[in-house]
Amino acid sequence: QVNATGGKPPYRWAVTSGELPTGLALAETTGVISGTPSAAGTFSFAIDVTDADLRATRKAFAIAVTPAPLSIGTATSLDALMGTTFNYLPTAAGGTPPYIWTISAGALPAGLSLNSATGALSGTPAIPGTFSFLLSVGDQSSASVSASMQIRVIDPATIPEIKKVKYKPRKKLIVIGNRVNRAATLVIDGTATQATPRDGTFKLKKVTLTQGRHEIRIVNPQNISSQAFVLNIP
């Protein structure tokens, strides 16, 4: 709010030299400067106020707009498939671009690399495992922030697959799968059962499933899950 005293109201306000920060504006009738500044820097300008008798005066002002704090946005945990192209793009905001991205601790999975200009993580993972690292971004004012990340690379040979499901109401449920670990779990509608696989097959007796849609999954150790098999009970 820019104020005036004396003269004969009402007043009229105008920026007569220089410029306001980008995104701000001066209200002609109230003298209020408002808006959302969109660029950092120091902006110098002069404001004239004119009263009802057309008498005017001028004053110089400056507004310093500081950058928003540098921030980073990432997922904390990601899954990748060994031998399959992987791409992930984190985000950064605030600070003073352009940004510079680095791995400041830990290491990416073999086969993946970091683009230091964009922050993109990409490539084809070569070995399975869980890889933890610290992703950092810095700006032109030497500010930096970091985020802990983890990429789990899954070997396709360890991902179970449901081949067939047989259900006899109130009698039994049979789920036949491929690549089923002996320690795998059968999950129905998000709830783990006590069934134990034998030669890739789960058999549950005295099972009653309600009418409607049910999702069935086989989950191998390390929480490696099959695609959901949808069983519809009429």
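The values are calculated or read from the model by the stated rules, or taken from the named source; none is laboratory data. Keep in mind that what you see is a predicted model, and the values were worked out from it rather than measured. Note: ideal-geometry Cβ built from the backbone for every residue, glycine included; neighbour counts use all protein chains shown. Heads up: the accessible areas ignore ligands, DNA and RNA and are worked out on the full protein's heavy atoms, side chains in. Shrake-Rupley method; radii C 1.70, N 1.55, O 1.52, S 1.80 Å.
Observations on the structure shown:
- Among strands (runs of 3 or more DSSP E) entirely within the range 1-84, having at least 1 residues that are touching a residue at least 24 places away in the same chain (Cβ under 8 Å), touching a helix residue (DSSP H, G or I) at 6+ places or on another chain (Cβ under 8 Å) and of a type in the set (Asp, Glu) singles out no element at all.
- Matching residues, the range 151-173, being part of a helix (DSSP H, G or I) and surrounded by 14 or more Cβ atoms within 10 Å (Cβ to Cβ): THR158
- Filtered by the rule that a residue be in a loop (DSSP other than H, G, I, E, B), closer than 14 Å to SER225 by Cα and open to solvent by 20 Å² or more (accessible area, probe 1.4 Å), the range 183-206 gives ALA183, ASP189, GLY190.
- Filter result for PHE61 (under 43 Å from the mean Cα position of the chain (by Cα), under 30 Å from TYR99 (Cα atoms) and surrounded by 11 or more Cβ atoms within 10 Å (Cβ to Cβ)): no
- Checked against (1) surrounded by 15 or more Cβ atoms within 10 Å (Cβ to Cβ); (2) among the aliphatic types (A, V, I, L, M); (3) modelled with pLDDT of 95 or more, LEU54 meets all criteria but (1).
- Residues of the range 108-142 satisfying the condition of being small (Gly, Ala, Ser) and either surrounded by 16 or more Cβ atoms within 10 Å (Cβ to Cβ) or in a strand (DSSP E or B) (or both): GLY111, SER113, GLY119, SER122, GLY123, GLY129, SER132, SER136, GLY138
- Condition met for VAL230 (free of Cβ contacts under 8 Å to residues at least 60 places away in the same chain, among the aliphatic types (A, V, I, L, M) and part of a loop (DSSP other than H, G, I, E, B)): no
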